[in-house]
Amino acid sequence: MQSVTLARRSEASCHDCDLPAHGECPAVAHVPVAPRRHRSTRPLAINNSLVHGICNCNCRLCAVNKASYSGPQEYQPLEVTQALIRRVIEAAQQGLRIRYIGNAGDGEPTLHPDFIGRMRLFGDMIRTWDDRQVPAPEVAVITNGGRLHRPGILEAIADNGLTLIISFPSIDPEAYGHAMMGDGARGEALLKQVLPAITAAMTAAAKGSLRRLQFHISPPERDLIRATFDRTVEYLSSTAARVGLDHLELIMFPATANRSGLIRNVHTGVDFYRDLFRRHNRRLHHGVRVDMKLSFQRFFPKMREFRDLLRHYAYPCVWNGQFFFTADGTSICCNDQAVRMPLGNLRDTDLSQLLAIKEDFLPAVTCKGCDQAPQRMQGGRLLALFRFLAGRKLRRSLREQGRTEP
Ligand code: SF4
Ligand code: SF4
């Protein structure tokens, strides 16, 4: 079983100091003031923290609910959700395609007091989308599943044509409890709530009333996942067969985010789970086809999209290469759970300019404690090539700005 330790809070965090405004903080001095238009041409994904810093779980690899967590704790106000949708439509009209919006991120989205109303807003966006310019984004809800059985939650996702993604690291009660609560003894009670909701979601998907159902084999507790994966696939496929669902989509997470440096874990490299893919991917279990994918394939489905990242980003970090919005609309890197490096806000800046800020971004305070910096990534020849190219690009960007160190 892997061990996890909590890192100390940084003195530079916006949430640890008494300064009245971000503008006076040296930790965020890197944010460009007058952004240009973006250069990147690949379609993008958005992670929207409908709920930030509030969760009914306490996953070991997440900073939320830990004593070290210093980020915001809030529900997304209505005007931010509305502004996000307006920005996505505006971006499409400008030729910037958002292909995926995941309501997830740094809190449990189904805890939002107006969850059903917000799902309706996304459903309205899809229903009224003018796709003459670009196709409508796929909109998803990523949930730990603990509230899926509550009245109206599954229906709100299904009725609005959204994708449901359930984080499900293991069918083993002890492993599940460890991963989701840091306490193996709580797994059985948790699974009693989650498993009937999974059956209900599979039934809805089999009947065609739920657009799409996926499982994130996550949080990426590698040892727990590996030790129980065969049983997890067996459980999910036999349940799917029982309710008439003919396929399963499983998303694997090769790397572990360390969440603003607040969480550290012993596995800092990348595990592509090649043996698990060999055993289960594209195979039939109980007559149910199992399709497995790696999480980054959602964000970079084609190799040429990595080329776009290396070409247009001063610091080509995979995890800063998409949009991540906090509940108040602040643009962050996906690993910046404590919001130490705000990169603009969608309420007053359009997506093209926010993307340009990301393209110009150079390593800052959170990157110092980050085990997913491109120049530190470990795990095979392809990653070695990416590490080399990203490191070369970063050195050139730093030279151009007269800086010597990340
Ligand atoms: S990873 Fe997700 S489900 Fe787990 S504690 Fe963090 S926000 Fe909650
Ligand atoms: S290196 Fe920096 S930009 Fe990249 S994931 Fe880590 S904190 Fe985010």
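The values are calculated or read from the model by the stated rules, or taken from the named source; none is laboratory data. Since the model is a prediction, treat every value here as computed from it, not as a measurement. Glycine gets a Cβ as well: all are built from the backbone with ideal geometry, and neighbour counts include every protein chain shown.
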Inset, instruction - Considering every residue within segment 207-221, establish whether at least one is touching a helix residue (DSSP H, G or I) at 6+ places or on another chain (Cβ under 6 Å), closer than 26 Å to Arg127 by Cα and polar (S, T, N, Q). - result: yes
Inset, instruction - Check off (1) touching a Gly at 6+ places or on another chain (Cβ under 9 Å); (2) within 16 Å of ligand 1 (Cβ to nearest atom); (3) among the hydroxyl-bearing types (Ser, Thr, Tyr) for Ser295 and give me the number that stays unchecked. - result: (1)
Inset, instruction - Assess whether Ala185 counts as being more than 26 Å from Arg274 (Cα to Cα) and either free of Cβ contacts under 8 Å to residues at least 12 places away in the same chain or in contact with a Phe, Trp or Tyr (Cβ under 9 Å, 6 or more places away or on another chain) (or both). - result: yes
Legend entry - Subset tally (residues that are in contact (Cβ under 8 Å) with a residue 40 or more places away in the chain and near ligand 2 (Cβ under 8 Å from one of its atoms)) for segment 305-337: 8
Inset, instruction - Among the residues of segment 170-182, write down those that are free of Cβ contacts under 8 Å to residues at least 60 places away in the same chain and touching a Ser or Thr at 6+ places or on another chain (Cβ under 7 Å). - result: Ala175, Tyr176
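To keep it simple, each residue is scored yes or no on (1) closer than 19 Å to Cys333 by Cβ; (2) among the acidic types (Asp, Glu); (3) away from ligand 2 (no atom under 16 Å from the Cβ).
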position: Ser49; (1), (2), (3): yes, no, no
position: Cys55; (1), (2), (3): no, no, yes
position: Cys59; (1), (2), (3): no, no, yes
position: Cys62; (1), (2), (3): yes, no, no
position: Asp106; (1), (2), (3): yes, yes, no
Legend entry - Close pairs from segment 346-371: first under 15 Å from Pro316 (Cα atoms) and within 16 Å of ligand 1 (Cβ to nearest atom), partner of a type in the set (D, E, K, R) and not in a loop (DSSP other than H, G, I, E, B), Cβ under 7 Å, at least 6 apart: none
Inset, instruction - Tell me, please, whether a residue that is within 13 Å of ligand 1 (Cβ to nearest atom) and either touching a helix residue (DSSP H, G or I) at 6+ places or on another chain (Cβ under 9 Å) or within 29 Å of Leu276 (Cα to Cα) (or both) can be found in segment 116-135. - result: no
Inset, instruction - Take segment 165-221 and flag every residue that is of a type in the set (Ser, Thr, Tyr), surrounded by 21 or more Cβ atoms within 10 Å (Cβ to Cβ) and part of a helix (DSSP H, G or I). - result: Tyr176
Legend entry - Single match in Leu78, Leu96, Leu6 (criterion: farther than 23 Å from Leu362 by Cβ and at pLDDT 90 or above): Leu78
